[in-house]
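Let me begin by presenting the structure, written as structure tokens, before commenting on it.
The values are calculated or read from the model by the stated rules, or taken from the named source; none is laboratory data. This one's a predicted model, so the numbers in the text were calculated from it and none came from an experiment. Cβ atoms come from the backbone with ideal geometry, glycine included; neighbour counts cover every protein chain shown. Quick note on the areas: whole protein, heavy atoms, side chains included, nothing else; ligands and nucleic acids left out. Shrake-Rupley method; radii C 1.70, N 1.55, O 1.52, S 1.80 Å.
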Amino acid sequence: MFDDLHFQLASEEEVDMGPIFSINEEDFDESQVSDGPQVVPILALKNTVLFPGIVIPITVGRDRSLKAIQRAYEGNKMIGVLAQREIETEYPGPGDIFEIGTVARILKLLKMPDGSSTAIIQGRNRFRLEQLTQEEPYLEGRITYQSMAAAPEDMEQKALISTIRDKATRIIELSPNIPNEAVMMLKNIKKEAYLINFIASNLSAGVPVKQEILKENNPVAKASNVLQYIDKELQLLELKNQIENKVRSDIEKQQRDYFLNQQLKTIQQELGQNPNEEDIKKLIERSKDKDWPEYAAKAFDQNIEKLKRINPQIAEYSITMNYLEVLLDLPWNEKSDDAIDLKYVQKVLDEDHFGLEKVKERIMEHLAVLKLKGDMKSPILCLVGPPGVGKTSLGKSIARALNREYVRMSLGGMHDESEIRGHRKTYIGAMPGRIVQSIKKVGKSNPVFMLDEIDKMGRDFRGDPASALLEVLDPEQNTTFYDNYLEMEYDLSNILFIATSNSLQTIQKPLLDRMEIIQISGYSTEEKIEIAKRHLIKKQREAHGLKGKNIRITKPAIAHLIENYTRESGVRNLDRALAKVMRKVAKNVALGIDYKKTLVIDDIKEFMGPSIHTPDLYDESSVPGVAIGLAWTSTGGDILFIESSLSKGKGKITLTGNLGDVMKESATTAMSFVKAHSEELGINHTMFEEYDVHIHVPEGAIPKDGPSAGITMLSTLASVYTGKKVKPFTALTGEITLRGKVLPVGGIKEKVLAARRAGIKEVILCEENRKHVAEINPDYIKDMDFIYVQKMGDVLDFVLT
């Protein structure tokens, strides 16, 4: 507010340059209706509003405005002043200006050195524009003069005016850019209406706000509006002033503390005391109780002697001090006592995770050898499997079972070698690598160290962190791991490193060679049900403030939730689905609504809504040429319908269903085998020349590839050419060769469990896959028969009915 009191050179447009109060204040009376001219030239102002009694200088730039000023100046010197609605409008018309304005008297018209004209005008009376009588060569309009109602002379009005004057004075005092003379100007204004106009003209509010104040006929309402706006400005200024004072006091406090510290150092030196010597003595005392290698003790002593000779004011002093503190904080030979009670370890592992037998068995083997031998290098394991199967949480469980500290380091997106090896301590802000930092944090030299997402490391011009890990994960080298910050060797051989990965494809071969790979497959529906019953339901119940008596979910309901609302290898989405169920129950408990405590399938449908996924079920085919294959996906296993049909043609083969190259090659191989053995199969050879064959795999939007559909392709082709149907409730998986051999394929566990869920009774697969079937829990496949084959002829003998 009142910034307009500083006169500045105006722009080339019509802009107010600073209100001045009228010299003839005694003649000012807004309650009288003027008898001035009814038709006057009109001047449109872009960014201000002229109030009665106020004098402002304006620079006239537009041609029409200059002509209007000259016309008025040559005549009675009276001109109507109106504010524009939009500042960008260059040629305002009837709809571009406000209706209420102020008739002004042109006090002086000056020709400026740059060729522009400046007019000094004084507001007289308010008016309403009734009609624009002309727009060229300048605006001219017919007006009606407006009078202001008389202000009441009661105590309330006086208090209102006094408050406005006091707040305006306070604003001037808080604003450093407004001269103190403005306070005297306020005090010299006697008339209340004039004071309101003067303050309203100087508000920092926009044109619409000022226009509303000008438009108001009631003096009390007008004063109240002005008070409202200057109150906001005052609050803003006071807040700004508080912030400036706080910043100033903070700076003064910093300077004061600096000078006091300097004086304190001087006093201590005069008394023979040295605070830096005290710090050095404390470091030496800590080193006496430290159990560390000889080379670490030697490096410490050398740096202590160096520290004594360094000036504390230079940067190298703090660098050396930090280095010595890191050496002392590191647990060189401080280890956690391993839990050698194998039964206890087995119990903890089983409590925390269902399944994952291979990992648990490997940990138990390590502990058994440790118990017998007393000391051995820790294994370096790499758990590979799809997301959500418990790889990361398994590390924490192993640490708890072994009674060791747990460290997790995420490698996803890491692309700087210094994150592993650290920075040289000569650099400002240097620090050890994250491995040494993590060991320092836990305070033990034998933690369980989880290297999460090892397959997602990057590499760029800053180095290759995967190559730096070669030393960390090599049992023959990590006894002498070299960190750039420490500038000495550190033994990592006592650490149990466990890496996790979703895929082996992006891991460097030398790095893979240093780790013991343990594959973790996805969970079957049966395993997910057990995990939900043992872990997830309890976890979500506690997370939502529920008790055991509030909810119980039946086994069929859990199975329905898994098969219809999740499709994944792990259990993350199942955990979220159970959380949704718990929220519904928690809502009922909180509102006191009666509900079923034991949830069945219908309750799950009500809580979860329509099914997201529909399980694939076997649909018995009544026509030849349809066979059931088994597929492995990232979310588990699935059954695959493969269909063939013949049509009159010239022996062309068509493949559809978004098939990959390997799957297309399997179809070609199967076709060649059928043609070569047509006589044995009882197929007329002319059929291959007179009929086209079309092989289709449904769900064409989903890409499909892999060799495991080989014997399924063979069966569907043999079926369609012989006219014999494929044996019902039978699924097939296996690769084929032109020689007629059946080769083994992967993902057997997922495929077999998918077949069981779909209602398949018999599965045909390669003899070499027998060992993989043996790894599946017998309880899951007790109602199924497995036929193991070595030749493609054996397959056709069994499936063609």
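What dipole magnitude, in Debye to the nearest 20, does the chain give about its Cα centre under +1 on Lys/Arg Cβ and -1 on Asp/Glu Cβ? If you can, show how the numbers build up before the last one.
Details: 106 positive and 118 negative charges, 412 e Å.
My answer is approximately 1980 debye.
If you consider only alpha-carbon coordinates, what radius of gyration and Dmax does the range 465-544 have, in Å?
19.0, 53
Per DSSP H run of n ≥ 4, the term is -39500 (n - 2.57); total these for the chain, divide by its residue number, and report the mean residue ellipticity at 222 nm rounded to 500 deg cm²/dmol. The partial results should precede the final answer.
Values: 28 runs with 336 residues, N = 801.
Mean residue ellipticity, 222 nm, calculated: -13000 deg cm²/dmol.
Counting Lys +1, Arg +1, Asp -1, Glu -1, what net charge surrounds G660 among other residues with beta carbon under 13 Å of its beta carbon?
Numbers: positive: K664, K704; negative: D661, E665, D705.
So the environment of G660 carries a net charge of -1.
In nanometres, what is the gap between the two model label sites at T479 and D114, each 7 Å from Cα along Cα-to-Cβ?
Roughly 8.5 nm, to one decimal.
Between S467 and K580, what FRET efficiency follows from the Cβ-Cβ distance if R0 is 56 Å, with the result rounded to 0.05? Intermediate values should be presented prior to the final figure.
Details: r = 45 Å, r/R0 = 0.80.
Calculated value: 0.80.
If R₀ is 60 angstrom, what is the calculated FRET efficiency for the pair R248 and K652, using the beta carbon separation as r and rounding to 0.05? Please report the intermediate quantities before stating the final value.
Details: r = 89 Å, r/R0 = 1.48.
The pair R248/K652 has a calculated efficiency of 0.10.
Per residue, how big is the convex hull around the C-alpha atoms of the chain? Give it to me in cubic angstrom, could you? Intermediate results must be reported in sequence, preceding the final value.
Working: hull volume 292.6 nm³, N = 801.
In the chain, the Cα convex hull volume per residue is 365 Å³.
Scan around I764 for amide H atoms under 5 Å from its own, H built in the peptide plane at 1.01 Å from N, and keep only partners 5 or more places away or cross-chain.
A731, L732, T733, I787
Is the C-alpha gyration tensor of the range 303-403 telling us rounded, prolate or oblate? Criteria: a/c under 1.5 is rounded; beyond that, a/b larger than b/c is prolate, otherwise oblate. Working shown, then result.
Working: a/c = 3.93, a/b = 2.38, b/c = 1.65.
Here the range 303-403 falls in the prolate category.
Treat each spin label as a single point 7 Å out from the Cα along the C-beta direction, and report the E99 to Y406 distance in nm.
In this crude label model, E99 to Y406 measures out at 7.5 nm.
How far is the Cα center of the range 420-480 from the Cα center of the range 679-728, in Å?
Measuring centre to centre over Cα atoms gives 55 Å.
Multiply the residue gap between E775 and K539 by 0.36 nm, knock off their C-alpha separation, and tell me the result in nm, one decimal place. Present the calculation step by step, with values, prior to reporting the outcome.
Working: separation 236, 0.36 × 236 = 84.96 nm, distance 2.96 nm.
The span from E775 to K539 would gain 82.0 nm if fully extended.
Given a Förster distance of 56 Å, report the FRET efficiency between H685 and L591 from their Cβ-Cβ distance, rounded to the nearest 0.05.
Details: r = 76 Å, r/R0 = 1.35.
It comes out at approximately 0.15.
Could you tell me how many degrees, from 0 to 90 and to the nearest 10, lie between the Cα long axis of helix 219-270 and the main elongation axis, the longest principal axis, of the Cα atoms of the chain?
60 degrees
Write down the accessible area per residue of the chain in Å², having rolled a 1.4 Å probe over the full set of protein chains.
Values: 40280 Å² over 801 residues.
For the chain, the per-residue accessible area is 50 Å².
If I compute solvent accessible area with a 1.4 Å probe over the protein chains, what percent of it on the chain is carbon and sulfur? Could the numbers behind the result be given before it?
Details: 19910 of 40280 Å².
Carbon and sulfur: 49 percent of the exposed surface of the chain.
Kindly list the residues of the range 657-686 that lie in the label zone of T737, defined by a backbone N under 16 Å from the point 7 Å along the Cα-to-C-beta vector.
It comes to 666, 669-670, 673, nothing else.
Inverting the mean 1/r over all pairs of different Cα atoms, compute the Kirkwood radius of the range 644-800 and quote it in Å. The partial results should precede the final answer.
Numbers: mean 1/r = 0.0620 Å⁻¹.
After inverting the pairwise mean of 1/r, the radius is 16.1 Å.
Can you tell me the order of 534-547, 666-679 when each peptide is scored by its average per-residue count of other Cβ atoms within 10 angstrom, highest first?
On the way: 534-547: 15.9, 666-679: 18.1.
Highest to lowest by the protection proxy: 666-679, 534-547.
Using 0.36 nm per residue of separation minus the Cα-Cα distance, give me the extension gain between D166 and K335 in nm, one decimal. Walk me through the numbers before you get to the answer.
Values: separation 169, 0.36 × 169 = 60.84 nm, distance 7.41 nm.
Working it through step by step, the gained length comes to 53.4 nm.
Quick one: check the C-alpha center-to-center distance for the range 307-367 versus the range 561-613, whole angstrom.
If you average the Cα positions of each part, the centres end up 41 Å apart.
With unit charges on the beta carbon (Lys/Arg positive, Asp/Glu negative), name the residue among Y780, L732, S715 whose Cα is farthest towards the positive pole of the charge dipole of the range 667-801.
Y780
Please report the net charge: other residues with Cβ closer than 10 Å to the Cβ of P293, K and R +1, D and E -1.
Values: positive: K298; negative: D291, E294, E489, D491.
The answer is -3.
Classify the range 501-633 from the C-alpha gyration tensor, please: rounded if a/c falls under 1.5, else prolate or oblate depending on whether a/b exceeds b/c. It would help to have the intermediate numbers written out before the result.
Values: a/c = 3.13, a/b = 1.37, b/c = 2.29.
Oblate.
Would you calculate the separation in nanometres between label points at S147 and D231, each defined as 7 Å from the Cα along the Cα-to-beta-carbon direction?
Distance between the two pseudo-spin positions: 3.2 nm.
PRE reach from R71 (point 7 Å along Cα→Cβ): which of the range 80-94 fall under 11 Å by backbone N?
Counting only backbone N, you get 80.
What shape does the range 389-472 have by the C-alpha gyration tensor, where a ≥ b ≥ c are the square roots of the eigenvalues, rounded means a/c under 1.5, and otherwise prolate means a/b greater than b/c and oblate the rest? Each step should come with its number before you reach the end.
Details: a/c = 2.92, a/b = 1.42, b/c = 2.05.
The shape class here is oblate.
Give the relative contact order (percent, whole number) for the chain; include only Cα pairs under 8 Å separated by 6+ residues.
Working: 1428 pairs, mean separation 56.8, N = 801.
Computed value for the chain: 7 percent relative contact order.
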